[in-house]
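Quick notes on the structure that follows.
The values are calculated or read from the model by the stated rules, or taken from the named source; none is laboratory data. It should be emphasised that the depicted structure is a prediction, and the values quoted were computed from it without experimental measurement. Cβ coordinates were reconstructed from backbone atoms using ideal geometry, including for glycine residues, and neighbour counts include every protein chain displayed.
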Protein chains: 2
Amino acid sequence: MIKLSVDLMGSDLGPVELSKGLLDFLKDYPDCEVKAFGDPKILSPIFKEEKRVTIMESLQVVPMEVSPVQFLRYKKSSMYLAIQEAKKDDSIDGVVTSGSTGGFVVGCTLILKNIANVLRAGLTAPFITQVRGKQTVILDIGASNVNTADELVCFAKMGSIYARKVLNEQNPSVYLLSNGAEEGKGLKESVDAYEKLKDYPWFKGNCEARDVLDGTRDVVVTSGYPGNILLKSIEGTASMMNSLIKKAFKKNLFTKIGYLFAKSGFKDMKKTLDYRATGGAILLGVNKVAVKAHGNSNAYGFYNALRVAYSMSKGKIVESIKEEMKNER
Amino acid sequence: MIKLSVDLMGSDLGPVELSKGLLDFLKDYPDCEVKAFGDPKILSPIFKEEKRVTIMESLQVVPMEVSPVQFLRYKKSSMYLAIQEAKKDDSIDGVVTSGSTGGFVVGCTLILKNIANVLRAGLTAPFITQVRGKQTVILDIGASNVNTADELVCFAKMGSIYARKVLNEQNPSVYLLSNGAEEGKGLKESVDAYEKLKDYPWFKGNCEARDVLDGTRDVVVTSGYPGNILLKSIEGTASMMNSLIKKAFKKNLFTKIGYLFAKSGFKDMKKTLDYRATGGAILLGVNKVAVKAHGNSNAYGFYNALRVAYSMSKGKIVESIKEEMKNER
């Protein structure tokens, strides 16, 4: 049995939408139990038939744009209590929220704490690529700003474990994000990390930002700040292109007819690009599975976040990281 | 009369293609003269009717992937000599190449030297945005890796001069790239630069990577390394989306028919996204106009690089930067 601690409150679309995702998830995963944090007035009617959900009252909600310091004032919030429960209850495998990323990173780091020898937890996103169904794991995308070479090495190890255990890549390839493919390019910490990673068979060298999504890479490691720039410029460019595609089809009657004919192709494209299928971001390196669904998750997105938490728990990823990091330093 | 020193050799498509761009440019800009560096065997026949081009023999070509140190060994190359000529000949306004970016940055910095009080020259790219015809100027995109707060402030000033003088924005808005829109977000140098920029009326605060291309910003300032990540992830994502659009239209007979109907809309989109129209990158802050066309420039791309160099020369941008920076420190 997998047990998850789930915050149903903080999100753009609200607890009813997230609850729908949770119900769908429980249907597909019969070996899973959930402690669900939120307002019982809203949640109890939704889950009254579902014995595998225990409602845990918490009426406070963490605002989406909370600062790390502010977060610590929300000790009665659904997010704080959900993380705390994962700490207190040994039988819980992981925690899932779609609330504030900043709050979640601080909360997990302070409450769940990093696995021994993990220098920094890494905020990790599986990215969709141009190859349908193929995901590339990128970390850190913003838990830190600047990382040391040793932290980057730690990210590389955790990322490759994730690709192996959750994405089922037998021999995941790991790259360092850089501004040039050749050795010696990039920020000092990254050049030093290259030196430390060189002898690992899974380390394949540097990768430029333009090649990250070509579908040939399993893991790309970066300091948090450029990782965050990478994430957001991919999002921004994709959204710009999407609005230009819409505009192109809306130009006149002919282009509108064109859309009717081309629709099936563009539906495929939409599926390839559906980031909701990735479930959101993961905080790798803390003592429980920790998944942060997109803030604007619909039921399907939240379903996928729960599915990722489930797969990580089943894959015993926390145990694997503990094992791998045991002999460090 | 505007005079340019032009390297016609280093590029992916070769000197004949670039020469075609130069000829087109000279037709449209009758008040321009050029010293053209390259192999006279190739260039002389092309320009034999064009009195405004003086061929300058240089048989050596700088490889595209040259390191800064290697570049200094190519003292007889078309790029090196073109830059040197801009230094030696006072009447020359600027230099244009489509060869190695790294070589060009080193060459311009060492030979032309920075304008007094310019702490660092900034490699600057006008980016196409989702608003057709609207460009956003981003610097630095990779002349440096890490920049100080004072360097970022200097980039902000130079960028706003460029937007005013070349893009004809009367009151250009200037932003700092960051991982959050609020003050206090980002790398230390950027937080410090925010403090220093705050009192300038043209400074509008932080801008996240996802909003850079929304067409509402004139200048976005960043350290070189994240700037380079931004540039390349935009390129990579746009190219991924383009190949997915092609795939969508090629799916089956219906989608192919759809393309025939929708073609005119997608041609508009292609024009909006045609980065060749921007001409390439500019090194702002050295003592002459310095334009680096895309390595894969065709005649049209190179034409636009020459046009940018022409507009910068006409707009007296070097003089404006000298004037603006005179009273610094």
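Filtering A:84, A:130, A:135 for residues that are under 13 Å from the mean Cα position of the chain (by Cα), surrounded by fewer than 24 Cβ atoms within 10 Å (Cβ to Cβ) and among the polar types (S, T, N, Q) leaves a single hit, A:135.
Against the condition over 28 Å from residue A:18 (Cβ atoms), assigned to a helix (DSSP H, G or I) and either at pLDDT below 95 or not charged (D, E, K, R) (or both), how does residue A:323 come out, does it pass? For residue A:323, the condition - over 28 Å from residue A:18 (Cβ atoms), assigned to a helix (DSSP H, G or I) and either at pLDDT below 95 or not charged (D, E, K, R) (or both) - is met. Considering only region B:289-303, state which residues are away from every other protein chain (no Cβ under 14 Å), surrounded by fewer than 24 Cβ atoms within 10 Å (Cβ to Cβ) and not small (Gly, Ala, Ser). Within region B:289-303, B:298, B:300 meet the criteria. Looking at region B:252-274, can you tell me whether even one residue there is more than 30 Å from residue B:169 (Cα to Cα), within 24 Å of the chain's Cα centre (by Cα) and crowded, with 20+ Cβ neighbours inside 10 Å? No: region B:252-274 contains no residue that is more than 30 Å from residue B:169 (Cα to Cα), within 24 Å of the chain's Cα centre (by Cα) and crowded, with 20+ Cβ neighbours inside 10 Å. Within region A:299-316, the set of residues being on the phi < 0 side of the Ramachandran plot and more than 12 Å from the chain's Cα centre (by Cα) comprises A:299, A:300, A:303, A:310, A:311, A:313, A:314, A:315. Checking each residue in region A:275-303 for being assigned to a loop (DSSP other than H, G, I, E, B) and touching a strand residue (DSSP E or B) at 6+ places or on another chain (Cβ under 7 Å) picks out A:279, A:280, A:285, A:288, A:293. Kindly provide the set of residues from region A:1-41 that are charged (D, E, K, R) and either under 17 Å from residue A:62 (Cα atoms) or modelled with pLDDT under 95 (or both), ordered by number. Once the filter is applied, which keeps residues that are charged (D, E, K, R) and either under 17 Å from residue A:62 (Cα atoms) or modelled with pLDDT under 95 (or both), region A:1-41 yields A:7, A:12, A:39. With respect to the conditions (1) within 30 Å of residue A:249 (Cα to Cα); (2) charged (D, E, K, R); (3) away from every other protein chain (no Cβ under 14 Å), residue B:326 lacks only one, and its number is (1).
Residues that are out of contact with any strand residue (DSSP E or B) (no Cβ under 8 Å at 6 or more places or on another chain) and more than 10 Å from chain A (Cβ to nearest Cβ) within region B:215-248 comprise just one, B:216.
For region B:211-230: of the residues being over 21 Å from residue B:145 (Cα atoms) and more than 16 Å from the chain's Cα centre (by Cα), which is surrounded by the most Cβ atoms within 10 Å (Cβ to Cβ)?
It comes out as B:213.
Within the span defined as region A:131-149, one or more residues are over 23 Å from residue A:232 (Cα atoms) and in contact (Cβ under 8 Å) with a residue 24 or more places away in the chain.
Taking the residues in region A:43-63 that are free of Cβ contacts under 8 Å to residues at least 24 places away in the same chain and within 26 Å of residue A:29 (Cα to Cα) as candidates, determine which candidate is surrounded by the most Cβ atoms within 10 Å (Cβ to Cβ). Ranking the candidates gives A:55 first.
Among all residues of region B:158-168, there is none that is among the aliphatic types (A, V, I, L, M) and either more than 18 Å from the chain's Cα centre (by Cα) or farther than 18 Å from residue B:284 by Cβ (or both).
Residues are listed down the side, and each one gets a yes or a no for (1) surrounded by fewer than 20 Cβ atoms within 10 Å (Cβ to Cβ); (2) within 11 Å of residue B:6 (Cβ to Cβ):
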residue: B:65; (1), (2): yes, no
residue: B:74; (1), (2): no, no
residue: B:95; (1), (2): no, yes
residue: B:106; (1), (2): no, no
residue: B:109; (1), (2): yes, no
residue: B:116; (1), (2): yes, no
residue: B:119; (1), (2): yes, no
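If you go through region B:122-164 and pick out every residue that is farther than 17 Å from residue B:325 by Cβ, away from every other protein chain (no Cβ under 14 Å) and out of contact with any Phe, Trp or Tyr (no Cβ under 9 Å at 6 or more places or on another chain), you end up with 0. Scanning region B:67-125 for residues that are free of Cβ contacts under 8 Å to residues at least 24 places away in the same chain and under 22 Å from residue B:19 (Cβ atoms) yields one hit, B:76. When the residues of region B:192-214 are filtered to those that are closer than 25 Å to residue B:133 by Cα and aromatic (Phe, Trp, Tyr), the one that is nearest to the other protein chains (Cβ to nearest Cβ) is B:203.
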